[in-house]
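The values are calculated or read from the model by the stated rules, or taken from the named source; none is laboratory data. Remember, it's a predicted structure, so these values are computed and weren't measured experimentally. FYI the Cβ positions are ideal-geometry reconstructions off the backbone, even for glycines, and counts take in every protein chain you see. Ligands, DNA and RNA are excluded from the accessible area calculation, which covers all protein heavy atoms including side chains. Shrake-Rupley method; radii C 1.70, N 1.55, O 1.52, S 1.80 Å.
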Amino acid sequence: MHPIHPDFVPDPSLSQAEMEELQRDIAEVARFEDDLGFSPQGIARPGDAPGVDQTTLSTSDDDPTDPPLVAGVDQAFVDDKAVSAVVVLQNGEVVERVSAVKRTEIPYIPGLLSFREGGAILAAFAELETDPDVVLVDGSGRIHFREAGLATHIGVTLDVPAVGVAKSLLCGTPERSLDETYPEGTRIPIAADDSVETCPDGTVIGHALQTRQYDSPNRYINPLIVSPGHRVSASTAADIVEATADGYKLPEPTRLADSYADEAKATVE
DNA sequence: GCGACAG
DNA sequence: ATCTTGTCGC
């Protein structure tokens, strides 16, 4: 798939002020409400029996009743090269995977991640033949100083529903401390605060989601930070991550993209 | 000036 | 993100 908004493609040569301005434009186009062509409950796991015998039905390539295609995207780095990998799953099974390599042109700057990694990500999506129904992006979406994190930037640019999946909190205030140990399934709303300069304080911009936790003892797992990227609400974003998690902290599409990016590193010189 | 900050 | 040994727990 290719950018539907060429003017939003991240340009690393912009000044920091120009990058921030572009993010504000993107945030205005972003929709943090559900606009999906499927229900999160329709996301099957590996081993789940199809609800209908697909083999006896004449299905078109994009039948809306087909189980959704869920993509995960992640990056690995080798010197000044970024390797982006996209893995697409349906019914919990891999149906396509692609990767692309691009030189990184700027360092990591909190708040401007998409200008470092976005180019490689879009290059990988350009190689993709299938059309995912939703994309899980490694990083923040609406949980961002200007509500335009990596997941939002990618989602809006490609006009595809997108969810941000991060391992730590960039900004915003959790309704409860994230330093405690919570059981699996726990969702803690993240509210906008003064650091989120584009929306009213108190707006729920995402959740901390405990996708996995140890049963008892003295060791614990930190929650995932999930936020809407584009065309999904905060609660549906969490639903989607929960539906694609399968015994690990990270949802399957993200895990597989992560390891595929690592694999693809060996291909780079 | 100080503190905080996805990957 | 990346560099890396040991160590904890089921």
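Report summary: the helix-based calculation at 222 nm, which adds -39500 (n - 2.57) for every DSSP H run with n ≥ 4 and divides by the residues of chain A, gives -7500 deg cm²/dmol.
Within the listed set A:LEU178, A:LEU209, A:LEU169, the residue fluctuating most in the Gaussian network model of chain A (springs between alpha-carbon atoms under 10 angstrom) is A:LEU178. Looking at A:ALA237, A:SER195, A:GLN210, which one has the Cα that reaches farthest to the positive end of the dipole of region A:188-258 (charges on Cβ: Lys, Arg +1; Asp, Glu -1)? Highest projection toward the positive end goes to A:GLN210. Highest mobility in the GNM of chain A, judged by mean-square fluctuation with C-alpha springs under 10 Å and restricted to A:ASP246, A:ASP74, A:ASP215, is found for A:ASP215. Solvent-accessible area assigned to carbon and sulfur over chain A amounts to 45 percent, based on a 1.4 Å probe. Give me the lysines in straight-line cross-link reach of A:LYS102: C-alpha distance below 17 Å, same-chain residues under 8 apart excluded. In chain and number order, the partners are A:LYS81, A:LYS265.
Other residues with beta-carbon under 15 Å from the beta-carbon of A:ALA237 carry, at +1 per Lys or Arg and -1 per Asp or Glu, a net charge of -4. Taking all protein chains into account, the per residue accessible area for region A:195-269 stands at 44 Å² (1.4 Å probe). With R₀ set to 25 Å, the beta-carbon distance separating A:HIS2 from A:TYR248 gives a calculated FRET efficiency near 0.20. Among the GluC sites (Glu not before Pro) in region A:172-256, those placed in a DSSP loop whose Cβ has at most 10 other Cβ atoms within 10 Å are A:GLU180. Basic side chains Lys and Arg get +1 at the Cβ, acidic Asp and Glu get -1 at the Cβ, and with that the dipole of region A:119-269 about its Cα centre reaches some 300 debye. Straight-line cross-link partners of A:LYS167 among the lysines, defined as a Cα under 19 Å from its Cα and at least 8 positions apart when in the same chain: A:LYS249. A simple spin-label model places the labels of A:VAL29 and A:ARG45 3.7 nm from each other, with each point 7 Å out along Cα-to-Cβ. Across region A:66-99, the residues whose backbone nitrogen lies under 17 Å from the label position 7 Å along the beta-carbon direction of A:GLU263 are A:71-77, A:83-90, A:92-99. If you take every residue apart from A:GLN90 with its C-beta less than 10 Å away from the C-beta of A:GLN90, what net charge results, scoring Lys and Arg +1 and Asp and Glu -1? So the surrounding residues net to -4.
Averaging sequence separations of C-alpha pairs under 8 Å and six or more residues apart, then dividing by the length of chain A, give the relative contact order as a whole percent. So the answer I get is 23 percent.
Length gained on full extension, A:GLU96 to A:ASP179, computed as 0.36 nm times the residue gap minus the Cα-Cα distance: 26.1 nm. In region A:122-269, the convex hull through the Cα atoms has an average projected area of 10.0 nm², a quarter of its surface area. Once the chymotrypsin sites (Phe, Trp or Tyr not before Pro) in DSSP loops with at most 15 neighbouring Cβ atoms within 10 Å are cut out of chain A, the longest remaining piece is A:1-107.
Result for chain A in a Gaussian network model with C-alpha springs under 10 Å: among A:GLU147, A:GLU117, A:GLU96, the largest mean-square fluctuation is at A:GLU96.
When the residues A:THR65, A:THR130 are ordered by accessible surface, computed with a 1.4 Å probe over the protein chains alone, the sequence from largest down reads A:THR65, A:THR130. All Cα-Cα separations within chain A were binned at 5 Å from zero, giving a P(r) of 1, 6, 13, 18, 19, 17, 13, 8, 3, 1, 0, 0, each value a whole percent of the pairs.
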